[in-house]
1. What number of residues within region 51-77 are exposed (fewer than 15 other Cβ atoms within 10 Å of the Cβ) and either among the small types (Gly, Ala, Ser) or without any contact (Cβ under 8 Å) to a residue 60 or more places away in the chain (or both)?
2. Residues in region 213-228 that are touching a residue at least 60 places away in the same chain (Cβ under 8 Å) and of a type in the set (Phe, Trp, Tyr): how many?
3. Out of GLY226, GLY253, which single residue is touching a Ser or Thr at 6+ places or on another chain (Cβ under 6 Å) and closer than 29 Å to PRO379 by Cβ?
4. Which residues, taken from region 229-253, are in contact (Cβ under 8 Å) with a residue 40 or more places away in the chain and closer than 16 Å to SER375 by Cβ?
5. State all residues of region 270-282 that are within 15 Å of the chain's Cα centre (by Cα) and either among the charged types (D, E, K, R) or at pLDDT 85 or above (or both); if no residue qualifies, say none.
6. Somewhere in region 107-116, is a residue of a type in the set (Phe, Trp, Tyr), in a helix (DSSP H, G or I) and at pLDDT 75 or above?
7. For region 235-254, give me each residue that is modelled with pLDDT under 85 and in a helix (DSSP H, G or I).
Amino acid sequence: MTLQSVMTDFQEHLWVYLAIPLVAAFVGYITKTLAVEMIFRPIKFVGIEPWLGWQGILPRKAHKIATHAADLMAEQLLDSNELFERLDPERMLRELERPVNDAAEALVREIGDTYLAGFWGRLPAFAQRKLVERVQAEIPGVMREFWTSATGRFEEYFDIRHVIITNLVRDKEKLNEIFWRVGGPELTFFRNIGFWFGFLLGLVQLACWMTWHEPWLMPLFGGLIGFVSDWVALQILFRPLRPKKILGWTFQGKFLARQDQVAKDYALLMASELLTPANLIEELLRGPALDRIIDLVHRQVREAMDQRLGKALPLVVFALGHERYGEVRKLVAQRILDLIPMASKQVEKYATDALDINETILGRMNSLSPEEFESVLRPAFKENEIIIVIAGAVLGALVGELQVFFMLGGH
């Protein structure tokens with residue numbers, strides 16, 4: 001075609017031609033929006049399992065992605081021993097004085113009514129009160145011994161990885177929320193830049209169509225817009241890892257350039273949503289180390305009771321019988337375990353301030369290398385990244401085919 005014929009054709013079909021880069025921009029935007037949605041939605045699998053359908057990448061890969069986040073936290077951001085050693089057992093005892101005393105009184109009366117009914121019932125009220133006060137005075141010592149036994153070995157009783165994995169796998173909405181709030185600006189940029197990539201490629205598409213008028217150009221360019229813009233947008237988010245100067249301009253992956261702000265958001269989310277005192281206590285009571293905790297409590301109770309009874313121990317054992325004395329020890333240990341969840345609420349404010357999880361994570365995240373920091377958000381894209389890119393290409397090709405039939409079919 002001559003230049004004159006091209007210009008004549010352009011004037012005759014002006015609005016059709018002007019629509020080409022705009023449709024291409026729309027394709028770029030829609031394919032990026034689809035890519036972002038494919039990361040987060042749907043929460044549950046939609047379709048015919050296991051292959052015919054889709055589930056958001058984060059919800060579907062929740063365990064793997066949560067494990068990655070947990071590994072980062074446990075290996076580089078927080079240490080269990082360091083964390084719990086920030087707690088002052090004396091301060092905690094002061095915070096717990098009232099609930100511990102109430103629990104001790106209830107425990108003494110329960111043992112008296114259950115195992116020493118005849119003896120306990122004949123005791124005058126002042127003698128019962130004296131016995132309760134004696135037990136209340138002994139409990140802080142038992143708790144100190146418990147804390148001393150665990151000090152330096154808290155990793156045996158508490159697993160940060162398990163806290164994070166359990167909560168994120170159980171609550172996939174929370175997993176989505178964390179990744180969105182941490183990487184929201186990057187995800188928004190990823191979506192919006194598709195419009196401009198699409199528009200630029202649409203101008204090339206326009207020039208090619210004006211030159212050759214081949215119907216296959218539309219789906220080809222639509223696919224290219226979806227594929228290339230997805231791939232380039234991902235590169236802009238994470239590459240280069242370190243700042244590079246080119247012609248006086250400094251370039252760095254957008255996510256990596258926001259390390260300070262991302263660290264603040266991530267630390268706050270982890271401290272307020274996952275590593276809360278309530279979740280830490282739940283981990284102690286329901287996590288994989290529960291058996292060790294029970295054994296430790298039972299051992300401490302056994303040693304404390306035997307030691308406090310002293311020379312009276314044989315007489316008490318004889319009066320109760322070995323089996324019933326063992327039942328009493330188990331009851332005491334169980335009531336201590338029952339007290340822990342209630343105690344967590346009592347010391348929540350102090351524990352939050354003392355543990356200072358937010359500032360700890362923040363400081364250590366800021367010291368991560370670019371390679372380590374990239375791994376905070378990249379798993380959300382990396383898992384099935386090729387599927388996202390291909391899906392963008394397929395959608396772009398379909399829209400290009402629609403261009404042929406509905407926009408240029410009568411050309």
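The values are calculated or read from the model by the stated rules, or taken from the named source; none is laboratory data. Please read these numbers as outputs of a predicted model, since none were measured by experiment. As a convention, Cβ positions derive from the backbone with ideal geometry for all residues, glycine included, and neighbour counts pool all protein chains shown.
1. 4
2. Looking only at that region, the number is 2.
3. That would be GLY226, the only listed residue that is touching a Ser or Thr at 6+ places or on another chain (Cβ under 6 Å) and closer than 29 Å to PRO379 by Cβ.
4. Restricting attention to region 229-253, the residues satisfying the condition of being in contact (Cβ under 8 Å) with a residue 40 or more places away in the chain are 229-231, 233-234, 236-238, 241-242, 253.
The answer is LEU234, LEU237, PHE238, LEU241, ARG242, GLY253.
5. Here is the first cut: in region 270-282, the ones within 15 Å of the chain's Cα centre (by Cα) are 270-276, 279-280.
Matches in region 270-282: MET270, ALA271, SER272, GLU273, LEU274, LEU275.
6. Of region 107-116, the ones of a type in the set (Phe, Trp, Tyr) are 115.
Still in the running and in a helix (DSSP H, G or I): 115.
Right, trim to at pLDDT 75 or above and you get none.
No, region 107-116 contains no residue that is of a type in the set (Phe, Trp, Tyr), in a helix (DSSP H, G or I) and at pLDDT 75 or above.
7. Across region 235-254, the qualifying residues are GLN235, ILE236, LEU237, PHE238.
Residue-by-condition table, conditions (1) of a type in the set (A, V, I, L, M); (2) within 30 Å of PHE199 (Cα to Cα):
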{"position": "THR33", "(1), (2)": "no, yes"}
{"position": "MET38", "(1), (2)": "yes, yes"}
{"position": "HIS63", "(1), (2)": "no, no"}
{"position": "LEU72", "(1), (2)": "yes, no"}
{"position": "GLN76", "(1), (2)": "no, no"}
{"position": "ASN81", "(1), (2)": "no, no"}
{"position": "ASP88", "(1), (2)": "no, no"}
{"position": "MET92", "(1), (2)": "yes, no"}
{"position": "GLU138", "(1), (2)": "no, no"}
